[in-house]
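Worksheet for the structure shown next.
FYI, it's all coordinate maths here, none of it is from the lab. Every value quoted in this text rests on a predicted model; they were computed, and no experiment measured them. Positions of Cβ are generated from backbone atoms using ideal geometry, with glycine treated the same way; all protein chains shown enter the neighbour counts.
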Amino acid sequence: MKSIRIKILTGYLVVILILSAVAVWGIYNFQSLAGAINEIMVENYRSIKASENMVESLERQDSALLLLLRGPTEKGQEIFRRNEKEFYTSLARAEDNITIEGEADILLSIDEKYYKFITSFDSFYYGSESEKWQVYNQTLLPLFIEIKEDIRNLRELNREAMVKAQENANAQANQAMISTALVSIAAVIFVLLIGFYLTRQIISPINELKIGIKKVADRNFQQKVKVDSEDEIGQLADSFNDMINKLQEYEKINIKKLVIEKEKSEAIVNNVSGPIIVTDKDNFIVLLNQAARDLFSITKEDLNKHFLEIIPNEQLFEFVQNPEATEDKVIAVDDKDKRFHYKVSTNQITEEDEDYQFTVTLLEDVTRLKEIDNMKSEFVSTVSHEFRTPLTSMNMSLNMVLSGDTGDLNEEQEELLAAAYEDVERLTDLVNDLLDLSKIESGKIEMDFEKTDIKHVITKTVKPFQKQADDNNIKIDLEELEDNLFARADANKISWVISNLVGNALRYSPSGSEIKIGADIKGQKILVYVEDNGSGIPKEYQNKIFDKFVRAGNDLDDSGGTGLGLAISKEIINAHHGRIWLESEEGKGSKFTFYLPRYGY
Ligand code: ADP
């Protein structure tokens, strides 16, 4: 069968045929039953009626005989003859309707006896009175009784036949009932079997197809669907198998392409001279190039393990975990007797479904630059140092001259000297900052780490700025701080950092704006932030804002600032093993955040 439609139609046709057969069988049974009942009614009714008529005629004849016994009358003879005719009519009717065995014999006997009865009537009718009585008593009356007895037998025979026929009809009805029931049951079973067979024929290929589709959905392209039927589902299965073939080919090509791409990127990664580390979103290492292995002395093929398990460098891990951080990320790695410096750049690759998220970390050897930087710092430090003494004496001299200790000055002289004094002051600030920075950088400034209440430090540091803020109509919003903000820190240095950040925020915020200062505990760290909605820092400066002498050129007043404040802050925070970073949008504001280790952690 080639199509589901034909299968279903065939199913219906078979059911209709079976139902018709059952109906025909039922009609046939009911008809034969009706026929049987009809036969009994008609045949036996006629015979019984004829018998009754015969008895009636005979009895009337007997009455006529009794009448004639009393005296010969015309009427008696007439009654006798009329009923004789009627008797014969009834007898003929009964003889016409012989249906039962023995009925014919009885009728023959009635016929013979009645003939005798009729023939004896003449000798009765024409005989003398005594002869009449004799004939009546000896012939006619006995014959009358015998004939009546025969008729009674005839009726009994018919009655019995009727009972028998009724029993027959009952039996036939029962049989019809049983056979109709059996035929119906057989039909129902047959219809069920056909239905079951047909549905199986239709459903089982659909199930096969369903399993096949599920496998393909699970990316199993090996299994084909086996459907033998040639109907629509068979055709569908063929198309489905074609599709699987194409998918198989497609997957083969794809895998090949992927392998090539993978080999290509591995070759590139391995050929890059700088170390590369790729981690997934759970910070498991998924790719390492040779340079990275050499740098961290990784000998085993140790992929798919946690970063720190393979590379126990907390500082680098910190950068890997925060790929978006914009600060300058440099780590130091000691190898044999030399210290190497690496600039870390991290890049996050996120796939659309976010299940695949990788961080690519590139390390760039900046040891040489660092050395030059150190030399530069040393040079700056020396120069600054050399500057300090002459600057102090210039400062003092100018101060004395300006305060009139050396005699009066004319207006022009005073103006020129005041300008020189201002420049000397600024230069002194710069030199002091430079000296501070180089001291911290070279570790010459000792940090006095102890249990420090950051809440206290912040409150104390922010207080002196209140007046400046009020003057500039800027609101300082110091968040509600917790009581247990204890860090392991040098309170004075942290106060310096906070005051630098708040000072900057005030300097770069317009009148009417707001500065938010807060602190919080984050796991093993204390987080401090200063947020303003001032001018913000352009994107191109954000990376290097913590470098020396970097100024974003967004100053509202051009008076102060050496471009060293953030560099010193960063050095201080680094010396605390903390981290400082910036989030800023030009025109909207800046948020400087740093963290310090919590005391006791
Ligand atoms: P400076 O002494 O010039 O303030 P810093 O190192 O403290 O030096 O700051 C460097 C530069 O960063 C500033 O010149 C300024 O351009 C920018 N900057 C610092 N803080 C802010 C801030 N809160 N809003 C906008 N710009 C800022």
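Miscellaneous remarks
- Sum of side-chain charges, Glu101 neighbourhood, beta-carbon under 13 Å (Lys, Arg +1; Asp, Glu -1): -2
- Over the stretch 521-601, the ratio between the Cα radius of gyration and 2.2 N^0.38 Å evaluates to 1.18.
- Positive dipole terminus of the chain, leading residue within Phe387, Ala36, Ser403 (C-beta point charges): Ala36
- On the principal axes of its alpha-carbon atoms, the stretch 376-518 has extents of 58, 40, 26 Å, going from largest to smallest.
- Helix screen, the chain: DSSP H segments with Cα axial length of 27 Å or more and mean Kyte-Doolittle hydropathy at least 0.5 are 4-39.
- Charged-residue dipole, Cβ positions (Lys, Arg, Asp, Glu), the stretch 272-365 about Cα centre, Debye nearest 20: 540 debye
- Stretch gain in nm, segment Asn410-Leu19, where the contour uses 0.36 nm per residue and the Cα spacing is subtracted: 127.2 nm
- Dipole magnitude of the stretch 222-271, debye to nearest 20 (Cβ charges: Lys/Arg +1, Asp/Glu -1, about Cα centre): 480 debye
- Full-stretch length increase - Met400, Glu324 - with 0.36 nm per residue and alpha-carbon distance subtracted: 22.0 nm
- Pairs from Lys300/Lys336; Lys444/Lys539; Lys264/Lys370; Lys281/Lys493; Lys75/Lys148 whose Cα-Cα separation, in the structure shown, is over 31 Å: Lys444/Lys539; Lys264/Lys370; Lys281/Lys493
- Filtered GluC sites (Glu not before Pro), the stretch 223-287: DSSP coil and at most 12 other beta carbons within 10 Å: Glu230
- Over the stretch 447-601, the ratio between the Cα radius of gyration and 2.2 N^0.38 Å evaluates to 0.99.
- Cα-centred dipole magnitude for the chain, charges only on beta-carbon of K, R (+1) and D, E (-1), debye, nearest 20: 2580 debye
- Equivalent ellipsoid dimensions for the stretch 4-193 as semi-axes, Å, which come from the Cα gyration tensor, largest first: 61, 13, 10
- Top positive-direction residue, dipole computed over the stretch 222-271 with Cβ charges, set Ala267, Ser239, Val227: Ala267
- The length gained by stretching the chain between Leu427 and Asp282 to full extension, at 0.36 nm per residue less their Cα-Cα distance, is 47.1 nm.
- Annotation: average projected area of the chain is 63.7 square nanometres, based on the convex hull of Cα atoms across all directions.
- Toward the positive end of the charge dipole of the chain, with +1 on the Cβ of Lys and Arg and -1 on the Cβ of Asp and Glu, the farthest Cα among Ile454, Thr99, Pro312 is that of Thr99.
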